[in-house]
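Below you'll find the structure, written out as C-alpha coordinates, and then a few comments.
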Amino acid sequence: MTDLIEEESADFMARLHERSGIGEETSVPNSYRYMPPKRGVEASREEAELVIFSAVDKVLARTTVNPEDIDTLIIACSFTTLTPVFADVVVNKYKLRADVQSVNLSGMGCSGALICVGLAEKLLQAAPPGKHKHVLIIATEILSSMMYHGTKREMLVPNVLFRMGAAAMIMTNSPERARFRLGPIVRTLTAARDSDYRCAFQEEDDKGITGINLSKELPVVAANALKSHIVTFCPRALPASELLRVAFSLVKQYVFPLPGARGRAEKGARPAFNKVFQHFCIHPGGRRVLQEVQHGLGLSDRDMEASHMTLHRFGNMASSSLLYELAYIEAKGRMTEGDRVCMISFSPGIDCSSVVWECINPAAADPNGPWAACIHRYPVQVKTT
(Lines give C-alpha, C1' and ligand atoms only; values in the text may rest on other atoms or scores of the structure.)
Protein backbone atom coordinates (compact mmCIF):
# COMPACT_ATOMS: atom_id res chain seq x y z
CA MET A 1 0.00 0.00 0.00
CA THR A 2 2.91 2.32 -0.69
CA ASP A 3 0.66 4.69 -2.62
CA LEU A 4 -1.60 5.03 0.43
CA ILE A 5 0.68 4.70 3.46
CA GLU A 6 4.08 6.40 3.64
CA GLU A 7 7.12 4.18 3.91
CA GLU A 8 8.07 5.52 7.35
CA SER A 9 4.60 4.71 8.68
CA ALA A 10 4.71 1.23 7.13
CA ASP A 11 8.11 0.58 8.74
CA PHE A 12 6.76 1.69 12.11
CA MET A 13 3.80 -0.70 11.84
CA ALA A 14 6.09 -3.55 10.80
CA ARG A 15 8.34 -3.00 13.84
CA LEU A 16 5.31 -2.78 16.12
CA HIS A 17 3.89 -6.00 14.70
CA GLU A 18 7.15 -7.87 15.35
CA ARG A 19 6.80 -7.32 19.11
CA SER A 20 2.99 -7.30 19.30
CA GLY A 21 2.57 -10.98 20.12
CA ILE A 22 0.31 -11.40 17.05
CA GLY A 23 0.97 -14.31 14.72
CA GLU A 24 0.72 -14.78 10.97
CA GLU A 25 -2.69 -16.50 10.69
CA THR A 26 -5.00 -13.66 11.67
CA SER A 27 -7.82 -12.48 9.41
CA VAL A 28 -8.51 -9.16 7.71
CA PRO A 29 -11.56 -8.31 5.56
CA ASN A 30 -11.58 -8.81 1.81
CA SER A 31 -11.79 -5.03 1.41
CA TYR A 32 -8.11 -4.83 2.42
CA ARG A 33 -7.14 -6.84 -0.65
CA TYR A 34 -7.99 -4.01 -3.00
CA MET A 35 -5.54 -1.26 -3.91
CA PRO A 36 -6.49 1.10 -2.45
CA PRO A 37 -8.59 -0.75 0.16
CA LYS A 38 -12.35 -0.38 -0.02
CA ARG A 39 -13.65 1.63 2.92
CA GLY A 40 -17.22 2.37 1.92
CA VAL A 41 -20.60 1.26 3.20
CA GLU A 42 -20.79 -1.75 0.91
CA ALA A 43 -17.43 -3.08 2.08
CA SER A 44 -18.50 -2.75 5.72
CA ARG A 45 -21.82 -4.46 5.03
CA GLU A 46 -20.13 -7.37 3.24
CA GLU A 47 -17.67 -7.85 6.11
CA ALA A 48 -20.45 -7.68 8.70
CA GLU A 49 -22.58 -10.25 6.92
CA LEU A 50 -19.61 -12.59 6.55
CA VAL A 51 -18.59 -12.68 10.21
CA ILE A 52 -22.00 -12.20 11.84
CA PHE A 53 -23.81 -14.84 9.80
CA SER A 54 -20.97 -17.31 10.39
CA ALA A 55 -21.13 -16.78 14.16
CA VAL A 56 -24.92 -17.05 14.31
CA ASP A 57 -25.00 -20.18 12.13
CA LYS A 58 -22.57 -21.90 14.47
CA VAL A 59 -24.28 -20.94 17.73
CA LEU A 60 -27.69 -22.03 16.43
CA ALA A 61 -26.28 -25.34 15.23
CA ARG A 62 -24.45 -26.04 18.47
CA THR A 63 -27.35 -25.14 20.77
CA THR A 64 -30.09 -26.53 18.47
CA VAL A 65 -32.10 -23.38 19.19
CA ASN A 66 -34.37 -22.41 16.29
CA PRO A 67 -34.45 -18.80 15.05
CA GLU A 68 -38.16 -18.55 15.91
CA ASP A 69 -37.26 -19.29 19.55
CA ILE A 70 -35.13 -16.14 19.86
CA ASP A 71 -36.94 -13.58 22.02
CA THR A 72 -34.26 -10.89 22.17
CA LEU A 73 -31.34 -9.96 19.92
CA ILE A 74 -28.43 -7.82 21.14
CA ILE A 75 -25.53 -6.83 18.89
CA ALA A 76 -22.40 -4.90 19.92
CA CYS A 77 -20.30 -3.23 17.22
CA SER A 78 -18.45 -0.15 18.35
CA PHE A 79 -17.17 1.91 15.42
CA THR A 80 -19.43 1.04 12.50
CA THR A 81 -23.18 1.61 12.42
CA LEU A 82 -25.13 1.30 9.18
CA THR A 83 -28.78 1.73 8.25
CA PRO A 84 -30.51 -0.68 8.58
CA VAL A 85 -28.56 -1.52 11.73
CA PHE A 86 -26.85 -4.90 12.08
CA ALA A 87 -29.61 -6.15 14.38
CA ASP A 88 -32.09 -5.63 11.54
CA VAL A 89 -29.74 -7.45 9.17
CA VAL A 90 -29.86 -10.50 11.45
CA VAL A 91 -33.64 -10.31 11.83
CA ASN A 92 -33.99 -10.26 8.04
CA LYS A 93 -31.51 -13.05 7.39
CA TYR A 94 -32.94 -15.48 9.96
CA LYS A 95 -36.57 -14.33 9.73
CA LEU A 96 -36.88 -13.73 13.45
CA ARG A 97 -40.33 -13.17 14.91
CA ALA A 98 -42.07 -9.82 14.47
CA ASP A 99 -42.19 -9.36 18.26
CA VAL A 100 -38.47 -9.97 18.80
CA GLN A 101 -36.79 -7.35 20.95
CA SER A 102 -33.67 -6.01 19.23
CA VAL A 103 -30.90 -3.78 20.56
CA ASN A 104 -27.94 -2.46 18.54
CA LEU A 105 -25.13 -1.19 20.79
CA SER A 106 -22.45 1.06 19.31
CA GLY A 107 -19.52 2.88 20.86
CA MET A 108 -19.10 0.36 23.69
CA GLY A 109 -15.64 -0.67 22.54
CA CYS A 110 -14.00 -3.87 23.68
CA SER A 111 -16.34 -4.23 26.66
CA GLY A 112 -19.31 -4.54 24.33
CA ALA A 113 -19.86 -8.28 24.78
CA LEU A 114 -19.88 -8.11 28.58
CA ILE A 115 -22.17 -5.08 28.51
CA CYS A 116 -24.52 -7.17 26.34
CA VAL A 117 -24.41 -9.92 28.95
CA GLY A 118 -25.42 -7.44 31.64
CA LEU A 119 -28.31 -6.18 29.54
CA ALA A 120 -29.43 -9.74 28.74
CA GLU A 121 -29.41 -10.60 32.45
CA LYS A 122 -31.79 -7.72 33.21
CA LEU A 123 -34.15 -8.71 30.39
CA LEU A 124 -34.20 -12.35 31.47
CA GLN A 125 -34.82 -11.42 35.09
CA ALA A 126 -37.83 -9.38 33.96
CA ALA A 127 -39.39 -12.35 32.14
CA PRO A 128 -42.67 -13.67 33.62
CA PRO A 129 -42.18 -16.63 36.02
CA GLY A 130 -42.12 -19.94 34.18
CA LYS A 131 -41.63 -18.27 30.80
CA HIS A 132 -38.47 -19.56 29.11
CA LYS A 133 -36.66 -16.89 27.10
CA HIS A 134 -33.66 -16.92 24.75
CA VAL A 135 -31.37 -13.94 24.14
CA LEU A 136 -29.01 -14.05 21.17
CA ILE A 137 -25.86 -11.96 21.76
CA ILE A 138 -23.48 -11.09 18.92
CA ALA A 139 -20.18 -9.23 19.34
CA THR A 140 -18.03 -7.99 16.48
CA GLU A 141 -16.01 -5.09 15.13
CA ILE A 142 -16.00 -4.07 11.47
CA LEU A 143 -12.56 -3.12 10.15
CA SER A 144 -13.34 -2.06 6.58
CA SER A 145 -14.13 1.50 7.62
CA MET A 146 -11.45 1.71 10.32
CA MET A 147 -8.15 1.66 8.40
CA TYR A 148 -6.09 4.76 9.12
CA HIS A 149 -3.70 5.86 6.35
CA GLY A 150 -2.18 8.95 7.92
CA THR A 151 1.18 9.39 9.63
CA LYS A 152 0.34 9.89 13.31
CA ARG A 153 1.88 6.93 15.08
CA GLU A 154 -0.63 6.71 17.92
CA MET A 155 -3.35 6.35 15.26
CA LEU A 156 -1.43 3.73 13.27
CA VAL A 157 -1.41 1.32 16.22
CA PRO A 158 -5.00 0.04 15.66
CA ASN A 159 -4.00 -1.00 12.12
CA VAL A 160 -1.54 -3.42 13.72
CA LEU A 161 -3.62 -4.73 16.63
CA PHE A 162 -7.17 -5.16 15.32
CA ARG A 163 -8.32 -8.14 13.26
CA MET A 164 -11.58 -9.45 11.83
CA GLY A 165 -13.82 -11.70 13.89
CA ALA A 166 -17.19 -12.17 15.56
CA ALA A 167 -18.72 -14.40 18.20
CA ALA A 168 -22.25 -15.27 19.28
CA MET A 169 -23.81 -16.82 22.37
CA ILE A 170 -27.31 -17.58 23.61
CA MET A 171 -28.41 -16.79 27.15
CA THR A 172 -31.54 -18.24 28.70
CA ASN A 173 -33.40 -18.33 32.00
CA SER A 174 -33.81 -22.10 31.65
CA PRO A 175 -31.01 -24.25 33.15
CA GLU A 176 -31.98 -27.38 31.21
CA ARG A 177 -29.31 -27.17 28.48
CA ALA A 178 -27.15 -24.41 29.88
CA ARG A 179 -23.39 -24.85 29.98
CA PHE A 180 -22.64 -21.99 32.38
CA ARG A 181 -24.41 -20.23 35.22
CA LEU A 182 -24.02 -16.46 35.26
CA GLY A 183 -22.43 -14.97 38.37
CA PRO A 184 -21.68 -11.39 39.39
CA ILE A 185 -21.43 -8.66 36.75
CA VAL A 186 -19.44 -5.55 37.63
CA ARG A 187 -18.90 -2.45 35.50
CA THR A 188 -16.94 0.67 36.46
CA LEU A 189 -16.22 3.82 34.47
CA THR A 190 -13.34 6.25 35.03
CA ALA A 191 -14.15 8.72 32.23
CA ALA A 192 -14.33 11.52 34.80
CA ARG A 193 -10.51 11.45 34.78
CA ASP A 194 -9.19 13.35 31.75
CA SER A 195 -6.26 10.96 31.26
CA ASP A 196 -8.62 7.98 31.09
CA TYR A 197 -11.14 9.79 28.88
CA ARG A 198 -8.49 10.68 26.26
CA CYS A 199 -6.38 7.50 26.26
CA ALA A 200 -8.34 5.91 23.37
CA PHE A 201 -9.95 8.65 21.31
CA GLN A 202 -11.51 8.76 17.86
CA GLU A 203 -10.43 11.93 16.12
CA GLU A 204 -9.04 13.50 12.96
CA ASP A 205 -5.33 14.13 12.54
CA ASP A 206 -3.80 17.35 11.22
CA LYS A 207 -4.71 16.32 7.66
CA GLY A 208 -8.32 15.53 8.49
CA ILE A 209 -7.88 11.74 8.37
CA THR A 210 -10.05 9.95 10.91
CA GLY A 211 -8.67 7.24 13.17
CA ILE A 212 -8.41 5.95 16.74
CA ASN A 213 -5.68 7.59 18.81
CA LEU A 214 -4.30 5.00 21.25
CA SER A 215 -2.15 6.75 23.83
CA LYS A 216 1.22 5.30 24.82
CA GLU A 217 -0.06 5.44 28.37
CA LEU A 218 -3.03 3.17 27.64
CA PRO A 219 -1.60 0.03 29.32
CA VAL A 220 -0.78 1.94 32.52
CA VAL A 221 -4.10 3.82 32.48
CA ALA A 222 -5.95 0.51 32.01
CA ALA A 223 -4.02 -1.04 34.90
CA ASN A 224 -4.93 1.87 37.19
CA ALA A 225 -8.58 1.63 36.10
CA LEU A 226 -8.45 -2.08 36.91
CA LYS A 227 -7.29 -1.30 40.45
CA SER A 228 -10.37 0.86 40.98
CA HIS A 229 -12.53 -1.81 39.40
CA ILE A 230 -11.19 -4.56 41.67
CA VAL A 231 -12.27 -2.59 44.74
CA THR A 232 -15.87 -2.93 43.52
CA PHE A 233 -15.47 -6.40 42.05
CA CYS A 234 -13.96 -8.23 45.04
CA PRO A 235 -16.83 -7.89 47.54
CA ARG A 236 -19.25 -9.24 44.94
CA ALA A 237 -17.19 -12.05 43.46
CA LEU A 238 -14.87 -13.37 46.17
CA PRO A 239 -15.91 -15.68 49.02
CA ALA A 240 -16.01 -14.31 52.55
CA SER A 241 -13.01 -16.44 53.55
CA GLU A 242 -10.78 -14.75 50.95
CA LEU A 243 -12.04 -11.28 51.87
CA LEU A 244 -11.27 -11.97 55.53
CA ARG A 245 -7.78 -13.23 54.67
CA VAL A 246 -7.02 -10.05 52.72
CA ALA A 247 -8.47 -7.86 55.49
CA PHE A 248 -6.34 -9.63 58.11
CA SER A 249 -3.23 -9.17 55.95
CA LEU A 250 -3.92 -5.44 55.62
CA VAL A 251 -4.43 -5.04 59.35
CA LYS A 252 -1.21 -6.92 60.01
CA GLN A 253 0.64 -4.77 57.47
CA TYR A 254 -0.43 -1.38 58.81
CA VAL A 255 -0.92 -2.09 62.52
CA PHE A 256 2.06 -4.40 63.04
CA PRO A 257 4.42 -3.52 60.17
CA LEU A 258 7.81 -5.11 59.80
CA PRO A 259 10.76 -2.72 60.15
CA GLY A 260 11.01 -0.62 56.99
CA ALA A 261 7.90 -2.21 55.48
CA ARG A 262 5.31 0.47 56.28
CA GLY A 263 3.60 1.69 53.10
CA ARG A 264 4.64 -1.34 51.06
CA ALA A 265 1.93 -3.81 50.06
CA GLU A 266 2.43 -7.36 51.25
CA LYS A 267 1.85 -10.16 48.79
CA GLY A 268 -0.73 -11.63 51.17
CA ALA A 269 -2.77 -8.41 51.06
CA ARG A 270 -3.70 -9.05 47.43
CA PRO A 271 -6.60 -11.42 46.75
CA ALA A 272 -5.53 -14.83 45.47
CA PHE A 273 -7.61 -14.63 42.32
CA ASN A 274 -6.18 -17.81 40.82
CA LYS A 275 -7.38 -19.77 43.87
CA VAL A 276 -10.91 -18.42 43.53
CA PHE A 277 -11.14 -18.71 39.74
CA GLN A 278 -9.89 -21.64 37.71
CA HIS A 279 -9.85 -19.78 34.37
CA PHE A 280 -9.30 -16.22 33.16
CA CYS A 281 -10.34 -14.52 29.96
CA ILE A 282 -8.64 -11.12 29.85
CA HIS A 283 -9.29 -8.87 26.88
CA PRO A 284 -6.24 -9.17 24.57
CA GLY A 285 -5.93 -5.45 23.93
CA GLY A 286 -2.21 -5.87 23.36
CA ARG A 287 0.81 -7.55 24.87
CA ARG A 288 1.55 -4.70 27.28
CA VAL A 289 -2.06 -4.54 28.48
CA LEU A 290 -1.97 -8.26 29.28
CA GLN A 291 1.32 -7.89 31.11
CA GLU A 292 -0.05 -5.05 33.24
CA VAL A 293 -3.16 -7.06 34.13
CA GLN A 294 -1.12 -10.16 34.96
CA HIS A 295 1.10 -8.16 37.28
CA GLY A 296 -1.81 -6.31 38.88
CA LEU A 297 -3.83 -9.45 39.63
CA GLY A 298 -0.87 -11.67 40.49
CA LEU A 299 -1.72 -14.24 37.81
CA SER A 300 0.52 -16.97 36.48
CA ASP A 301 1.56 -17.51 32.87
CA ARG A 302 -0.86 -20.45 32.76
CA ASP A 303 -3.69 -18.15 33.89
CA MET A 304 -2.89 -15.80 31.00
CA GLU A 305 -2.39 -18.51 28.38
CA ALA A 306 -5.83 -18.26 26.74
CA SER A 307 -5.46 -14.49 26.38
CA HIS A 308 -1.97 -14.55 24.87
CA MET A 309 -2.77 -17.43 22.52
CA THR A 310 -5.95 -15.73 21.31
CA LEU A 311 -3.96 -12.57 20.62
CA HIS A 312 -1.39 -14.64 18.72
CA ARG A 313 -3.82 -16.69 16.64
CA PHE A 314 -6.60 -14.15 16.01
CA GLY A 315 -5.35 -10.71 17.08
CA ASN A 316 -7.50 -8.19 18.91
CA MET A 317 -11.07 -8.82 17.70
CA ALA A 318 -12.53 -6.28 20.11
CA SER A 319 -15.23 -7.58 22.45
CA SER A 320 -15.66 -10.93 20.68
CA SER A 321 -12.13 -11.92 21.76
CA LEU A 322 -13.28 -13.08 25.21
CA LEU A 323 -15.46 -15.81 23.70
CA TYR A 324 -12.53 -17.02 21.59
CA GLU A 325 -10.55 -17.29 24.84
CA LEU A 326 -13.33 -19.31 26.45
CA ALA A 327 -13.33 -21.54 23.37
CA TYR A 328 -9.56 -22.03 23.79
CA ILE A 329 -9.98 -23.26 27.36
CA GLU A 330 -12.70 -25.69 26.28
CA ALA A 331 -10.73 -26.87 23.24
CA LYS A 332 -7.86 -27.73 25.59
CA GLY A 333 -10.25 -29.86 27.66
CA ARG A 334 -9.55 -27.87 30.81
CA MET A 335 -13.12 -26.92 31.72
CA THR A 336 -14.74 -29.11 34.38
CA GLU A 337 -17.99 -28.90 36.28
CA GLY A 338 -17.86 -26.31 39.04
CA ASP A 339 -15.01 -24.33 37.51
CA ARG A 340 -15.35 -20.56 37.75
CA VAL A 341 -14.34 -18.29 34.87
CA CYS A 342 -13.45 -14.62 35.30
CA MET A 343 -13.79 -12.40 32.23
CA ILE A 344 -12.35 -8.87 32.25
CA SER A 345 -12.46 -6.32 29.45
CA PHE A 346 -11.53 -2.69 28.85
CA SER A 347 -13.09 -0.03 26.63
CA PRO A 348 -12.32 3.61 25.88
CA GLY A 349 -13.42 5.70 28.79
CA ILE A 350 -11.95 3.70 30.60
CA ASP A 351 -14.89 1.32 30.92
CA CYS A 352 -13.82 -1.78 32.85
CA SER A 353 -16.26 -4.70 32.92
CA SER A 354 -16.06 -8.14 34.48
CA VAL A 355 -18.31 -11.17 34.43
CA VAL A 356 -18.09 -14.41 36.40
CA TRP A 357 -19.35 -17.72 35.01
CA GLU A 358 -19.65 -21.11 36.71
CA CYS A 359 -19.48 -24.22 34.51
CA ILE A 360 -22.44 -26.54 35.15
CA ASN A 361 -22.20 -28.71 32.04
CA PRO A 362 -18.76 -29.08 30.41
CA ALA A 363 -19.02 -29.19 26.64
CA ALA A 364 -17.48 -31.78 24.37
CA ALA A 365 -14.87 -30.62 21.88
CA ASP A 366 -16.49 -28.49 19.17
CA PRO A 367 -15.41 -29.81 15.74
CA ASN A 368 -16.48 -26.51 14.18
CA GLY A 369 -15.00 -24.24 16.81
CA PRO A 370 -12.41 -21.55 16.05
CA TRP A 371 -9.57 -23.65 17.48
CA ALA A 372 -10.51 -27.00 15.93
CA ALA A 373 -7.84 -26.94 13.21
CA CYS A 374 -4.99 -25.55 15.29
CA ILE A 375 -5.42 -26.31 19.00
CA HIS A 376 -2.84 -29.10 18.79
CA ARG A 377 -0.19 -26.46 18.01
CA TYR A 378 -0.92 -24.35 21.06
CA PRO A 379 0.42 -22.95 23.28
CA VAL A 380 3.29 -21.50 21.25
CA GLN A 381 6.26 -19.42 22.28
CA VAL A 382 5.40 -15.84 21.43
CA LYS A 383 8.10 -13.51 20.11
CA THR A 384 7.84 -10.16 21.88
CA THR A 385 11.20 -8.46 21.28
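Structure data summary
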item: Reciprocal mean inverse distance between Cα atoms of the stretch 103-253 - Kirkwood radius, Å; result: 18.9
item: Carbon and sulfur %, accessible surface of the chain computed with the full protein complex present, 1.4 Å; result: 53
item: Residues whose placed amide H lies under 5 Å from that of GLY315, excluding near-sequence neighbours; result: GLY23
item: Pairwise centroid distance, computed over Cα atoms, of the stretch 181-197 with the stretch 341-385, Å; result: 21
item: Cut-off 15 Å between beta-carbons: net charge of the residues surrounding SER144, Lys and Arg +1, Asp and Glu -1; result: 0
item: Coil-residue GluC sites (Glu not before Pro) of the stretch 147-242, DSSP, other Cβ within 10 Å capped at 10; result: GLU176
item: Area of ARG97 that stays accessible when all protein chains are in place (1.4 Å probe, Å², to 10); result: 70
item: Stokes-Einstein D in µm²/s, Kirkwood radius over Cα pairs - the stretch 263-385 at 4 °C with 1.567 mPa s viscosity; result: 85
item: Percent of Cα pairs exceeding the 15 Å cut-off, where the set is the stretch 283-335; result: 41
item: ASP196, ASP206, reordered so the largest accessible area comes first (probe 1.4 Å); result: ASP206, ASP196
item: The stretch 308-361: GluC sites (Glu not before Pro) in DSSP loop, at most 16 other beta carbons within 10 Å; result: GLU337
item: Helical mean residue ellipticity (222 nm; -39500 (n - 2.57) per DSSP H run of 4+; nearest 500) of the chain; result: -11500 deg cm²/dmol
item: In Hz, Karplus ³J(HN,Hα) per residue of the stretch 288-295 (6.51, -1.76, 1.60; θ = phi - 60°; x = Gly, Pro); result: 5, 4, 5, 5, 5, 5, 4, 5
item: Stokes-Einstein diffusion coefficient of the stretch 7-176, Kirkwood radius over Cα pairs, 37 °C, 0.692 mPa s, in µm²/s; result: 188
item: Protein-only accessible surface order, largest first, of HIS279, HIS308, HIS132 at 1.4 Å; result: HIS132, HIS308, HIS279
item: Rh by Kirkwood over Cα pairs, then Stokes-Einstein D for the chain at 0.890 mPa s and 25 °C, µm²/s; result: 112
item: Area accessible to solvent at CYS281, 1.4 Å probe radius, in Å²; result: 0
item: Neighbour-limited loop hits for chymotrypsin sites (Phe, Trp or Tyr not before Pro), the stretch 283-385 (at most 14 other Cβ within 10 Å; DSSP other than H, G, I, E, B); result: none
item: Kirkwood Rh and Cα Rg combined as Rg over Rh, evaluated for the stretch 182-377; result: 1.01
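The values are calculated or read from the model by the stated rules, or taken from the named source; none is laboratory data. All values derive from a computational prediction rather than experimental measurement. So basically every Cβ, Gly included, is an ideal-geometry build from the backbone, and we count neighbours across all protein chains shown. Ligands, DNA and RNA are excluded from the accessible area calculation, which covers all protein heavy atoms including side chains. Shrake-Rupley method; radii C 1.70, N 1.55, O 1.52, S 1.80 Å.
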